[in-house]
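Novice: Below: one structure in structure tokens.
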Amino acid sequence: DAGITQSPRHKVTETGTPVTLRCHQTENHRYMYWYRQDPGHGLRLIHYSYGVKDTDKGEVSDGYSVSRSKTEDFLLTLESATSSQTSVYFCAISGLNTGELFFGEGSRLTVL
Amino acid sequence: AQSVTQLGSHVSVSEGALVLLRCNYSSSVPPYLFWYVQYPNQGLQLLLKYTTGATLVKGINGFEAEFKKSETSFHLTKPSAHMSDAAEYFCAVSGTGSGGGADGLTFGKGTHLIIQP
């Protein structure tokens, strides 16, 4: 299994509070991704990174920011959480040889 | 832009019957195609992938898929369903640029496979 660790795995928070999810990899892969999974929508890309301090927006980036100060860590921040951000968040990494992604176990976020 | 359509949000088959999960894609470049499986409360696991070469691709757990360019399809099949196959299945296409774009994969909405005893 790819060495991907997400933390926290579960979090309940209140509307308006900041939340940071962490993705840590031990594979030294260049590319890292944050997706959210919602019923009826599949997985949608929030942000991705193609190197340290190099990030770009995905399909559903509004309300989210990311940072990557080290190859192994990719942080997803919700500056002011809203109920619409209640979701399961998945981190993924890629070595890009064949484009396949390796996924973490997910972080379930509930915003009350 | 890439897109993926999975026909049927839920598919139910009897144990031992053929499994067929449908996936159609659109892509502006030669696609790389993937099927992932997700068991409850877990992350996604790669079942199989098509990059180049042979259009019939074999994956884990007895699954296979055939890339049909003329039909823009990549349907997933398994000859005989097992109870352990019950899960959510996602079809995905690579981002812009052949070889898998840096902008990740575009996923379908998923198909929930139900196996009836």
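The values are calculated or read from the model by the stated rules, or taken from the named source; none is laboratory data. What you see is a predicted model; the values in this text were computed from it and never measured. When we count neighbours, we look across all protein chains shown, and the Cβ atoms used for this are built from the backbone with ideal geometry, even at glycine.
Novice: Take the residues in the range A:48-67 that are in a strand (DSSP E or B) and within 10 Å of chain B (Cβ to nearest Cβ), then tell me which one is surrounded by the most Cβ atoms within 10 Å (Cβ to Cβ). It would help to see each step written out before you state the result.
Specialist: So in the range A:48-67, the residues in a strand (DSSP E or B) come out as A:48-51, A:54-57, A:65-67.
Next cut, within 10 Å of chain B (Cβ to nearest Cβ) only: A:48-51, A:54, A:56-57.
Numbers: A:Y48: 26, A:S49: 24, A:Y50: 16, A:G51: 12, A:D54: 12, A:D56: 14, A:K57: 15.
Among residues in the range A:48-67 that are in a strand (DSSP E or B) and within 10 Å of chain B (Cβ to nearest Cβ), the one surrounded by the most Cβ atoms within 10 Å (Cβ to Cβ) is A:Y48.
Novice: Identify, from the list B:A17, B:A54, the residue that is surrounded by fewer than 21 Cβ atoms within 10 Å (Cβ to Cβ) and modelled with pLDDT under 95. Step through it out loud before you land on a result.
Specialist: Details: B:A17 fails: modelled with pLDDT under 95.
Matching residue, one of B:A17, B:A54: B:A54.
Novice: Going residue by residue through the range A:36-55, is there one that turns out to be closer than 22 Å to B:V93 by Cβ and touching a helix residue (DSSP H, G or I) at 6+ places or on another chain (Cβ under 9 Å)?
Specialist: Yes: one or more hits.
Novice: Still on this structure, please answer the following. With the condition kept exactly as written, say whether any residue in the range A:15-28 is more than 13 Å from chain B (Cβ to nearest Cβ), β-branched (V, I, T) and touching a Gly at 6+ places or on another chain (Cβ under 7 Å).
Specialist: Yes, there is a match, as at least one residue in the range A:15-28 is more than 13 Å from chain B (Cβ to nearest Cβ), β-branched (V, I, T) and touching a Gly at 6+ places or on another chain (Cβ under 7 Å).
Novice: If only one of A:S65, A:S49 is touching a residue at least 24 places away in the same chain (Cβ under 8 Å) and out of contact with any Leu (no Cβ under 6 Å at 6 or more places or on another chain), which one is it? Full working, then the answer.
Specialist: Numbers: A:S65 fails: touching a residue at least 24 places away in the same chain (Cβ under 8 Å).
So the residue among A:S65, A:S49 that is touching a residue at least 24 places away in the same chain (Cβ under 8 Å) and out of contact with any Leu (no Cβ under 6 Å at 6 or more places or on another chain) is A:S49.
Novice: Still on this structure, I have one more. Could we say that A:E79 is among the acidic types (D, E) and more than 25 Å from A:T17 (Cα to Cα) here?
Specialist: Working: among the acidic types (D, E): yes; more than 25 Å from A:T17 (Cα to Cα): no.
In short, no.
Novice: Do you know which residues across the range A:68-89 are outside any strand (DSSP E or B) and acidic (D, E)?
Specialist: If we filter the range A:68-89 for residues that are outside any strand (DSSP E or B), which is where we start, we get A:71-72, A:79-86.
Within the range A:68-89, A:E72, A:E79 meet the criteria.
Novice: Go through the range A:78-107 and report how many residues are within 11 Å of another protein chain (Cβ to nearest Cβ) and over 15 Å from A:P39 (Cβ atoms).
Specialist: Qualifying residue count, the range A:78-107: 16.
Rundown of residues vs (1) touching a Leu at 6+ places or on another chain (Cβ under 8 Å); (2) closer than 22 Å to A:L101 by Cα; (3) of a type in the set (A, V, I, L, M), yes/no style:
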position	(1), (2), (3)
B:A17	no, no, yes
B:C23	yes, yes, no
B:F74	yes, yes, no
B:A81	yes, no, yes
B:G108	no, yes, no
B:I114	no, no, yes
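Novice: I'm checking my understanding of the structure. Among residues of the range B:60-72 that are modelled with pLDDT of 95 or more and small (G, A, S), which one is farthest from A:D54 (Cα to Cα)?
Specialist: By that ranking, first place goes to B:G62.
Novice: Is it fair to say B:L105 is at pLDDT 95 or above and surrounded by 21 or more Cβ atoms within 10 Å (Cβ to Cβ)?
Specialist: Working: at pLDDT 95 or above: no; surrounded by 21 or more Cβ atoms within 10 Å (Cβ to Cβ): yes.
Against the criterion (at pLDDT 95 or above and surrounded by 21 or more Cβ atoms within 10 Å (Cβ to Cβ)), B:L105 does not qualify.
Novice: A further question follows. I'd like to know if the range B:92-105 contains one or more residues that are part of a strand (DSSP E or B) and more than 10 Å from chain A (Cβ to nearest Cβ).
Specialist: Step one: filter the range B:92-105 for residues part of a strand (DSSP E or B), giving B:92-94, B:105.
Next, from what is left, pick out any that are more than 10 Å from chain A (Cβ to nearest Cβ): none.
No.
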